[in-house]
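The values are calculated or read from the model by the stated rules, or taken from the named source; none is laboratory data. The structure presented is a predicted model; accordingly, all values stated were derived computationally and were not measured. Virtual Cβ from ideal backbone geometry, glycine too; neighbours counted across all protein chains shown.
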Amino acid sequence: MKRIAAILTSLVLVFSLAACGSQQAGTAAGSEAASTASSETASAAQTKTEEQLLAEENDILTANDELWEKVFASMDKNVTQTTLNNNYGDFLMDAVDNAKDQFTEEEYASLKADADKIREIENQITALPQDEATSQSAEENGSTFPQFEGKDLDGNSVDSSLFANNAFTVVNFWFSGCKPCVDEMDDLDALNQSIKEQGGEVIGVNTETLDGNADNIATAKKILESAGASFRNIYFDPDSEAGKFALGIMAFPTTCVVDRQGNIVGEPIMGGIDQEANMATLEKLIADAVASDTGK
C-alpha cells in the first residue's frame, strides 16, 4: 500500500558541480575537497531507504495539504493500481492539470513544483537495488494491518481485536472532501449488510479524523448520515503504526480486506467499489478470506 520524488539532494549535487566548475583555477587540494564532498553527498543519497524517500514525499504533500486535498477531491474515480503503476509524480502532474481551473496561477505553479519533486523522488526509489526496495516495501507495508487502539466516531473504544471477531473485515480509507469516497458510501453500506451472514464487516477510516478533531468527526458523521451509511467508522493515533499506515495512502478511496488474524488479503483496491471491476476484485478477496478462515 505504499505511495507509489530527494530534490534537496539533487540541488546539493548541482550546486556542488557548479562550484567545481567555477573554481577550475583553484588549487589541486581545493578540487580534491570538492570532489570528496560531492562523492560523500552522492553516497548519502544512495544510502537512503525507500521509507525515507516516501517520508520526503509525504512532507512535500503535507506542506501544501489544503491544495492537495482539492486535487485529490477532484480526481476521477477511476483511480486504479494500473493508473499508479507509472511514476507517481506524473500521475500527480496529470491530476493537477485536470484541476488547474480551481487554483490561482501561484497555487498551480506550487502544485506543479511539488509534483515535479515527487517525480524525482520516485525516480530515486526506482533506482534502488531491487532487493533493497523489495525488502523495504515488505517491511514497511507487510501483509499485516498494524495493531491499534482507538475509538469509533461515537466515542466507543475499539482496537485490533475487532479483526478476530470477524471472519473478514473490509477496511475503507476515505476523507470528507473526496467525492469518489462519498459516492461509494451507499455501496459500502449495502456491502456491510450483505456480508454479515458471512461473518464480515465494513469498517471506515476517515483520515481527517485520526487526530480526534471534533469538527472533522462531526463532518464525517454528517456525510455518513446523509448517505444513509451506518457501518462503523474508527480512528486511531496518527503517530501510531496504524496511523502512519493510513496517512501513507495517497489514492482515495482505497479498500482492503483483512482476515481474522489481521493479515491483509491480496492487494488493496484503489478506486471506488461502485466500479464493476473493483467490486469484482473485492468479492474475490472476500471469497479468499472466507475460504481460508479457520474460525476463532
- Query: Across region 237-296, what is the total count of residues that are surrounded by 15 or more Cβ atoms within 10 Å (Cβ to Cβ), assigned to a loop (DSSP other than H, G, I, E, B) and of a type in the set (Ser, Thr, Tyr)?
  - Reply: 1
- Item | Members of region 183-239 that are over 24 Å from the mean Cα position of the chain (by Cα), over 27 Å from Ala287 (Cβ atoms) and either of a type in the set (Lys, Arg) or not assigned by TED's automatic domain parsing to the domain that holds Glu276 (or both) | Lys222
- Odd one out for Cys181 among (1) at pLDDT 95 or above; (2) crowded, with 21+ Cβ neighbours inside 10 Å: (1)
- Within region 119-148, how many residues turn out to be at pLDDT 90 or above and not aromatic (Phe, Trp, Tyr)? 4
